[in-house]
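**Student:** Please find one structure pasted underneath; my questions will follow.
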Amino acid sequence: MLEITHTIETRKMRDQVLDSMDLERERGITIKMQPVRMKYNYHPALKGTPSQQGGEDSSPPKLGGVPEGGGGTFILNLIDTPGHIDFSYEVSRALKAVEGSILLIDSTQGVQAQTLTTLAMAREGGLKIIPVLSKIDSPLSRVSDVKEEVVKLLNCDPDEILLVSGRTGEGVENLLQEVIKRIPEPTPTLLPLAKGEVPKAEGVLRALVFDFKYSNHRGVIVFVRVLDGRVTKGDTLLFAVSGEKFTALEVGTFSPEETPCEYLSAGETGYIVTGIKKPGIASVGDTITMFKNPLPAFPGYMQPMPVVWASVFPEDADDFAELKLSLGKLKLSDSAFSYEEESSGSLGKGFRCGFLGMLHLEIITERLKREFNLKLVITTPSITYEVILKNSNQEKIYPHTNSLVAPEARLKNDQRKSVRVYSPYFFPDDGLIEDVFEPWVDLKIITPVEYIGNIMQLLFDHEGEIGETDNFGDNRSSVSVTMPLRELMRNFFDELKSTSSGYGSISYKIGEMRKANVTRLDLLVADEVVPAFSRVVSKKRAEEEAEEAVSKLAELLPRQMFSLKIQGKALGRIISSRSLSGMKKDVTQHMYGGDITRKMKLREKQKKGKKKMKERGRVNIPQDVFLKMMRTSDKK
Ligand SMILES: Nc1nc2c(ncn2[C@@H]2O[C@H](COP(=O)(O)OP(=O)(O)OP(=O)(O)O)[C@@H](O)[C@H]2O)c(=O)[nH]1
Ligand SMILES: [Mg+2]
C-alpha cells in the first residue's frame, strides 16, 4: 500500500518498514502501533491500475467513502497494529481512531485465537470490517480452507474476502480500492458537514489522544484523531481530563515520519507537539479541545489490567531518582505499562511494575536496559496472590526483608488477615498462611486437529481444565480451557507453539479467583537469600522448580574467586543445592624457580584472602543474570 500510494519511495522500501524500534526489527514483531497517512488517486471509470493514471484530481481530497462510480483523490489514514495478545491494548486504542479495520489473516496459518479477540473489539466499536487473506503467494497458503473459516467466523459472503500478497503485491491495489468503497467517510460527531464539504470550523476542536511519545527537545507529542473542528499550529489548547493548558507548537501528519502541516481537521489523524516536559500530564484517552471554547471529553479508554508483576531496583541507591525519571519516560511510549514505588528492605527503594504478559515484560525490561543505561536488579516476575493469614503476629511475616510489613499489608485492623501479594519476596512463610487464592484464566486455543492429543497432555501438565471443544472450519478445533494464570505464565505460550509446530494460538481473559496450593521458593547464594530470585511455585512442583532455578543460576553466575553454594529453599528446607568451584588463579605463576618456601608463603596469603572474601559473603550478581533468570524463553 505504501508503495502503490507513493507514500514511501520504492528504493526506501524494506521489510517491516513501519516497525521503527530496533527491538521490533530484531524480533520480527510489531510492538507499537504506527499511524501512516496515504493519498490515493482513484478513478473507477478507468480500468487498470488507477495509481498509474497520473494527474491529481483538482477537487479537494476526500477521506474515504465513495459512492459507486465516483472518483477522486482520497486520504487514507492507516494505523498498523501488533498481532501478539500482549499488545492488544495498542489495538484497542487504534480501533477508536478509525472507521474500519482490515482483518488480515495469514492464509498459511488460518484464523488464530487472537483474531477472535481483535475481531470482537472491532465489532464492539461498530467498525466496518474487511476480511483479507494474506501471503497468497506462499506454497503453504490454504486459501480455500481459510476462506471457509472466515465465512464461518464473520458469517459473510465468500466474495467479500479479499486475497493479497505483501510479497508480490498481488491484490493490494484492489484492497486499497475496496477500503475506499467499503469504509465510510468519517463524520464529525458534533458538527455534521454537507457531503464533500471541507471542515473549516475554526475555534472548535475535539481530538482523541490515542497514543503519544516523548522527545527531549519538543516534550510530549500526542497522536490524535480529530473528531470535531480543527487544530492549527499556534492554537491554545486544553487537555480536557488532566486540565493542562498548552500551545500547539506544531501539527502534522505521519508519512510515516512526522511531517508538519498547517492544520488538522475532523476525520484526520496526526500529531500535535505540546512542548510539555512534565510527566503524568498526557494520557491516552484524554480529549484535546480549545482552551477558550472547551468541549466535553470523550469517554476515553479502559485502563489496561496488568497480569504479571516484577520489581525493579537500582543497584546503586543513588540512582533511584534517575530510575524514576526513566520509568516516567518509558510510560510515555507505552501506556500499557504501569509502575508504583515499592520498598523492600534489603533491596532498598524501587518500583513495582505491572505488565500485560510475559512478552510485554521482556520487552520493557530490555528497553530499560538499552534506552536508559542503568544498573538494575530485577525480581522474578509474579502474578498476584490473595493470602489469608492465620491469626498471628504480623511481624513474623516478612523474614528476609528489614521492613516488617509490606506496603500491601498496611491495611485496617479489621482487614488485617488478608493481604494481596505482588512480590514473591513478600509472600509469607507457609506456617503463617491460612489460605491462598490466585487468578485463573479463561483460555481459548485454536489448533489444527492433529495436534489436539499433544496439546491435551500439555494442558494436563499446566493444570488446565478442559471445557468445550468445537470444530472450527476444516480440520481445526477450538478448545475452551480454564487454567491458573500462574501456569499460563509458566511458558505455556511457547510450549503450545512448539507442540503444534507453530500453528496453535491462544487468547485469554482473566477469570475467577480460586484456592491455590503454592509456596515461596527462595534461592540462596553463599547462604544468603537473594530476594530478587524468590518466586511462588506450586507445592507439588517445588522440587522440580528449585532444581531448574538452581541449575540455571549456577550456569549464569560468573565464576568467583572462591567456591560458592547455590541452594533452593522451600517448604522449610533446602530442596536443591549445587556448588560452583572457585577460579584457580596461580599466584606463583610469575615466579620462575626460586625458593619453594616463598611460593608456599604466597599461596598461604591467597588462601587467607579467599577466606576473607568468603566471610564478606556478598556475591556481586551482574544485571544480565537478573534479566536472564527472569526469562522463561532461554530456560536451559
Ligand atoms: N510469502 C509471504 N511472506 C510474507 C508476506 N507478508 C509477510 N510475509 C512474511 O511474514 C513475516 C511476518 O510479516 P510481518 O509483516 O512482520 O507480520 P505482522 O502481521 O506485521 O506481524 P506482527 O506485527 O508481529 O503481528 C515476515 O517474515 C514477512 O516476510 C506475503 O505476502 N508472502
Ligand atoms: Mg507488524
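The values are calculated or read from the model by the stated rules, or taken from the named source; none is laboratory data. Since this is a predicted model, take the numbers as computed values, not measurements. Every residue, glycine among them, receives a Cβ derived from its backbone with ideal geometry; neighbour counts consider all protein chains shown.
**Student:** State all residues of region 335-348 that are surrounded by 15 or more Cβ atoms within 10 Å (Cβ to Cβ) and of a type in the set (D, E, K, R); if no residue qualifies, say none.
**Tutor:** The one that is surrounded by 15 or more Cβ atoms within 10 Å (Cβ to Cβ) and of a type in the set (D, E, K, R): E342.
**Student:** Let me ask you something else. From the list S165, S144, pick out the single residue that is assigned to a helix (DSSP H, G or I), without any contact (Cβ under 8 Å) to a residue 60 or more places away in the chain and among the hydroxyl-bearing types (S, T, Y).
**Tutor:** S144
**Student:** Restricting the search to region 3-21, which residues are within 13 Å of ligand 2 (Cβ to nearest atom), surrounded by 12 or more Cβ atoms within 10 Å (Cβ to Cβ) and either among the hydrophobic types (A, V, I, L, M, F, W, C) or within 17 Å of G169 (Cβ to Cβ) (or both)?
**Tutor:** Hits for region 3-21 are Q16, V17, L18, M21.
**Student:** Give me the pairs, please: first residue somewhere in region 10-21 and more than 14 Å from I79 (Cβ to Cβ), second residue anywhere and modelled with pLDDT under 85 and surrounded by 12 or more Cβ atoms within 10 Å (Cβ to Cβ), beta-carbon distance under 7 Å, and either six or more positions apart or on two chains.
**Tutor:** none
**Student:** Take the residues of region 22-45 that are assigned to a loop (DSSP other than H, G, I, E, B) and surrounded by fewer than 19 Cβ atoms within 10 Å (Cβ to Cβ): which is farthest from ligand 2 (Cβ to nearest atom)?
**Tutor:** Going through the qualifying residues, I end up with A45.
**Student:** How many residues does region 222-257 contain that are at pLDDT below 95, closer than 26 Å to K12 by Cβ and surrounded by 19 or more Cβ atoms within 10 Å (Cβ to Cβ)?
**Tutor:** Of the residues in region 222-257, 1 are at pLDDT below 95, closer than 26 Å to K12 by Cβ and surrounded by 19 or more Cβ atoms within 10 Å (Cβ to Cβ).
**Student:** Also, I was wondering about something else. If a residue has to be at pLDDT 90 or above and out of contact with any Ser or Thr (no Cβ under 8 Å at 6 or more places or on another chain) to count, how many in region 335-355 make the cut?
**Tutor:** Looking only at that region, the number is 7.
**Student:** Under 6 Å between Cβ atoms, at least 6 apart or on separate chains: pull out the pairs that start in region 70-87 with a residue that is in contact (Cβ under 8 Å) with a residue 40 or more places away in the chain and among the β-branched types (V, I, T) and end on any residue that is within 13 Å of ligand 1 (Cβ to nearest atom) and in a loop (DSSP other than H, G, I, E, B).
**Tutor:** Qualifying pairs under 6 Å: I79/M33; T81/M33.
**Student:** Can you pull out the residues in region 131-168 that are more than 10 Å from ligand 1 (Cβ to nearest atom) and among the small types (G, A, S)?
**Tutor:** S144 - this is the single residue of region 131-168 that is more than 10 Å from ligand 1 (Cβ to nearest atom) and among the small types (G, A, S).
**Student:** If you check D57, D86, which single one turns out to be surrounded by 21 or more Cβ atoms within 10 Å (Cβ to Cβ) and either over 22 Å from S134 (Cα atoms) or modelled with pLDDT of 85 or more (or both)? Give the steps one after another, and end with the answer.
**Tutor:** Details: D57 fails: surrounded by 21 or more Cβ atoms within 10 Å (Cβ to Cβ).
Just one listed residue meets the conditions, D86.
**Student:** May I pose another question? Exactly one of these conditions fails for G70: (1) under 19 Å from Y301 (Cα atoms); (2) modelled with pLDDT under 95. Give me its number.
**Tutor:** (1)
**Student:** Name the residues in region 274-326 that are over 29 Å from P260 (Cβ atoms), at pLDDT below 90, aliphatic (A, V, I, L, M) and part of a loop (DSSP other than H, G, I, E, B), would you?
**Tutor:** The answer is M302, M305.
**Student:** Checking the condition over 19 Å from V536 (Cβ atoms) and either in contact with a Leu (Cβ under 6 Å, 6 or more places away or on another chain) or at pLDDT 80 or above (or both), which residue from T379, T384, T365 passes?
**Tutor:** Working: T379 fails: over 19 Å from V536 (Cβ atoms); T384 fails: over 19 Å from V536 (Cβ atoms).
Only one candidate qualifies: T365.
**Student:** Could you tell me whether any residue of region 299-312 is over 30 Å from A207 (Cβ atoms) and over 16 Å from the mean Cα position of the chain (by Cα)?
**Tutor:** Within region 299-312, one or more residues are over 30 Å from A207 (Cβ atoms) and over 16 Å from the mean Cα position of the chain (by Cα).
**Student:** Are any of the residues in region 167-187 over 29 Å from the mean Cα position of the chain (by Cα), at pLDDT below 90 and crowded, with 19+ Cβ neighbours inside 10 Å?
**Tutor:** The answer is yes; a qualifying residue exists.
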